[in-house]
Amino acid sequence: MPIMGIHAKPANSSLNHLGAMFVMVMASGVSVSIAGEYMPQSYQTQVDTSLRKISFNNNGLQNILRISGYPAAMSKAFSELISNAAKANQFVFVGDTSHRKGAVLQTFAQADNFAALKRQGVKHLFLEVPRDMQASLDSMLAGRTTQDQFVADLNKRHPRALDSDIGDKGFGQELAKVALLAKANGMKVHCADHRQAEIAKLRGKPYEHYVHNGHPDASFEDFLKDITARKMPDGSRTNIYTNDRPLAEFIASKAGKEKAVIFYGSGHGDTSYGIDEILGEKRTARVDIHESKPWGITEWWNRREMKSQMNMTADPDKPFGRFYIDKGEVERFEQKPVTEMTPGEIDFDKLKSAASGLDNASGKPEARPTAPKQRPGSTPRAP
């Protein structure tokens with residue numbers, strides 16, 4: 001019987017104790033299920049079709065339908081897709097449409113993909129891994145520690161709340177494989193996620209001060225979103241979780257004018273002010289990995305909920321392409337004219353240092369020192 005699974009995470013975390021709710025609708029041989037998904041403060045939906053097997057895990061909110069048994073589906077079509085994207089662009093943003101599904105990460109973690117990226121001159125890989133893991137990652141890549149030690153360190157410091165269907169260890173092993181493949185193909189690997197470090201700075205006294213000065217009922221999440229809120233040029237709003245300016249500056253500062261691939265949650269590219277707009281659409285291509293082709297109604301729902309739950313506007317532009325795991329197929333989209341593409345916010349000719357000089361978690365540049373004033377009667381130095 002064909003099965004369609006629609007996954008959605010309740011915006012109210014107080015529902016955790018209820019576990020996942022399943023609504024099974026039997027009509028014309030189709031079964032529909034609703035279960036917890038990962039995207040914060042939204043009802044992101046994803047339709048999965050042609051599923052092979054369903055297993056059940058009894059663990060609070062993690063009582064979810066787990067999808068396994070996909071065919072290998074490591075089609076060369078995906079390698080060709082990202083190769084074409086890298087050929088025409090400096091940056092390739094590979095969007096993980098569901099951290100919960102190990103098949104997405106496993107699709108990316110293939111030798112053919114990195115060989116294809118190497119042929120296009122890609123020199124950097126940026127991962128959605130907290131920056132405090134860089135030393136541990138470098139140690140593994142240098143052979144001083146093992147892959148298992150890296151995975152153990154990752155899960156100790158940052159136990160995954162997303163509950164991947166391949167488990168914390170399995171997810172870590174695939175992530176390590178990605179890093180090792182990148183190194184083997186001459187790429188520098190960067191742990192790029194700044195948010196954990198910034199959030200840690202705001203715990204304790206900053207939060208206590210906020211509560212004691214007019215916000216007695218504010219949760220830590222409320223505090224974070226309030227003090228890090230930023231209005232975007234298109235009128236949408238971001239906060240520490242969704243503001244990608246610090247990430248873009250970090251990527252630009254490390255890669256400079258060299259080519260790079262960025263493997264991150266697709267939400268960082270699917271907004272009207274995402275990574276590609278900040279780095280510049282003229283130099284950035286988005287490629288998303290989906291378990292299966294989403295229905296039009298689910299894409300409409302995602303855009304609606306992104307606006308109502310997160311005050312963000314969905315990207316009106318289609319990505320460079322999508323890869324559908326279940327079919328092993330690629331879908332390419334016509335790109336808008338270069339004259340309509342955003343140039344980005346970062347001056348790559350003047351960028352010198354890694355994302356330093358950021359005002360705490362806001363992503364706003366701090367004031368730079370002004371040039372020393374010339375003494376009266378002195379001759380200005382030549383630039």
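The values are calculated or read from the model by the stated rules, or taken from the named source; none is laboratory data. Just so it is clear, the structure is predicted and the values come from calculations on it, not from any experiment. Here Cβ is always computed from backbone atoms with ideal geometry, including for glycine, and neighbour counts include all displayed protein chains. Areas reflect the complete protein model, heavy atoms only, side chains present, ligands, DNA and RNA absent. Shrake-Rupley method; radii C 1.70, N 1.55, O 1.52, S 1.80 Å.
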Could you tell me how many of the residues in segment 190-210 are farther than 22 Å from N243 by Cβ and either among the aromatic types (F, W, Y) or buried (at least 16 other Cβ atoms within 10 Å of the Cβ) (or both)? 0
Residue match in segment 259-269 (condition: among the charged types (D, E, K, R) and more than 24 Å from D165 (Cα to Cα)): yes
Turns out the strands (runs of 3 or more DSSP E) fully within segment 248-325 with at least 1 residues that are of a type in the set (S, T, N, Q) and under 25 Å from P343 (Cα atoms) are 284-290
Segment 247-262: number of residues that are of a type outside the set (K, R) and either free of Cβ contacts under 8 Å to residues at least 12 places away in the same chain or under 17 Å from G186 (Cα atoms) (or both): 6
How many residues are more than 14 Å from N89 (Cβ to Cβ), hydroxyl-bearing (S, T, Y) and touching a helix residue (DSSP H, G or I) at 6+ places or on another chain (Cβ under 7 Å) when one looks only at segment 321-348? 0
Is there any pair with a first residue in segment 72-83 that is under 9 Å from Q110 (Cβ atoms) and at pLDDT 90 or above and a second that is in a helix (DSSP H, G or I) and open to solvent by less than 70 Å² (accessible area, probe 1.4 Å) whose Cβ atoms are under 8 Å apart and which are 6 or more apart or on different chains, and what are they? F78/T107; F78/N113; S79/N113; S79/A115; S79/A116
Boolean, F223 is in contact with a Ser or Thr (Cβ under 7 Å, 6 or more places away or on another chain) and buried (at least 18 other Cβ atoms within 10 Å of the Cβ): no
Hits in segment 326-340 - residues which are over 23 Å from Y273 (Cα atoms), open to solvent by 60 Å² or more (accessible area, probe 1.4 Å) and assigned to a loop (DSSP other than H, G, I, E, B): K327
